[in-house]
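*Asks:* Quick one: this structure, given as structure tokens, is what I'll be asking you about.
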Amino acid sequence: MPLRPAEAGLAGLFLSFEGIDGSGKSTQARRLAEALRAEGRSVTLTREPGGSPGAEEIRRLVLEGTADRWSAETEILLFTAARRDHLEKTIRPALARGDVVICDRFADSTRVFQGLTRGDLTATVDRLHDLMIGTEPDLTLLIDLDPAEGLARATSRQGAEMRFEDMGLGFQTRVREGFLALAKKHQRFRVINGAAPPDQVAAAIRQTIATALA
Ligand code: TYD
């Protein structure tokens with residue numbers, strides 16, 4: 001399936017990784033970056049929330065503290081503010097240089113985590129996205145995994161950034177379903193089985209990208 005033409009004036013390629021907490025997407029994003037660099041490509045590996053100094057400051061606000069610290073509506077504003085800064089300071093300049101940008105989470109995470117899990121706020125998320133972001137990845141790799149497995153992996157690494165993991169199994173199940181529904185709706189998605197051993201997952205991703213780019 002051909003990729004959509006790159007955003008006007010931007011030479012690079014924009015890839016995102018999505019999945020539930022503990023799906024292994026951060027490891028896979030790093031491995032893909034290493035593999036593409038080894039092929040001689042210029043790669044910008046980045047993440048959300050964060051990816052620019054301003055957005056990393058917002059990251060602390062949204063990921064630390066108690067689960068009820070922010071309402072879903074306030075979170076939408078904070079994640080979108082972080083994303084706007086990330087886009088301006090990191091993603092657009094990298095795409096303009098012709099880099100492959102690999103982003104660990106992007107707007108689909110807001111669509112699912114804030115838009116679907118605590119009531120239906122899809123319309124709010126979409127309107128704010130259109131107004132402030134307006135950019136989609138060329139290709140989105142969804143690392144799909146059973147939520148119980150994901151939660152076990154995520155909680156075993158503990159730390160301060162546990163607000164979403166603390167929301168529990170029911171929450172992560174809605175997150176998984178939300179991502180799979182988005183994957184059905186948008187052509188840019190490819191679903192990868194995250195339950196396979198890491199080397200196999202990495203190989204599946206390389207294969208998927210090679211096919212998409214061909
Ligand atoms: P991330 O750093 O990717 O955590 P992990 O490596 O554990 O998957 O993301 C941190 C948390 O932020 C994660 O629980 C998902 C959440 N999140 C949102 O709720 N909305 C968003 O828009 C983004 C980008 C992340």
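Read-outs: derived from the displayed coordinates by stated rules, not from any lab. All values derive from a computational prediction rather than experimental measurement. Reconstructed Cβ throughout: ideal geometry from the backbone, glycine too, with neighbour counts over all protein chains shown.
*Asks:* For the range 32-68, enumerate the residues that are surrounded by 15 or more Cβ atoms within 10 Å (Cβ to Cβ), over 30 Å from Gln200 (Cα atoms) and in contact with an Asp or Glu (Cβ under 7 Å, 6 or more places away or on another chain).
*Replies:* Listed by number, the residues that qualify are Ser52, Gly54, Ala55, Val62, Leu63.
*Asks:* Which of the residues that make up the range 25-64 are within 15 Å of the ligand (Cβ to nearest atom), farther than 14 Å from Leu15 by Cα and in a loop (DSSP other than H, G, I, E, B)?
*Replies:* Pro49, Gly50, Gly51, Ser52, Glu64
*Asks:* Still on this structure, I have one more. Kindly evaluate Ser16 against the criterion of being assigned to a helix (DSSP H, G or I), under 29 Å from Glu165 (Cβ atoms) and in contact (Cβ under 8 Å) with a residue 40 or more places away in the chain.
*Replies:* Judged against the criteria, Ser16 is not a match.
*Asks:* How about the range 110-120: which of its residues are crowded, with 20+ Cβ neighbours inside 10 Å, under 15 Å from Trp70 (Cβ atoms) and out of contact with any Lys or Arg (no Cβ under 7 Å at 6 or more places or on another chain)?
*Replies:* Thr110, Phe113, Gln114, Gly115
*Asks:* A follow-up question, please. On the given criteria, is Glu136 among the charged types (D, E, K, R), surrounded by 15 or more Cβ atoms within 10 Å (Cβ to Cβ) and either at positive phi or assigned to a loop (DSSP other than H, G, I, E, B) (or both)?
*Replies:* yes
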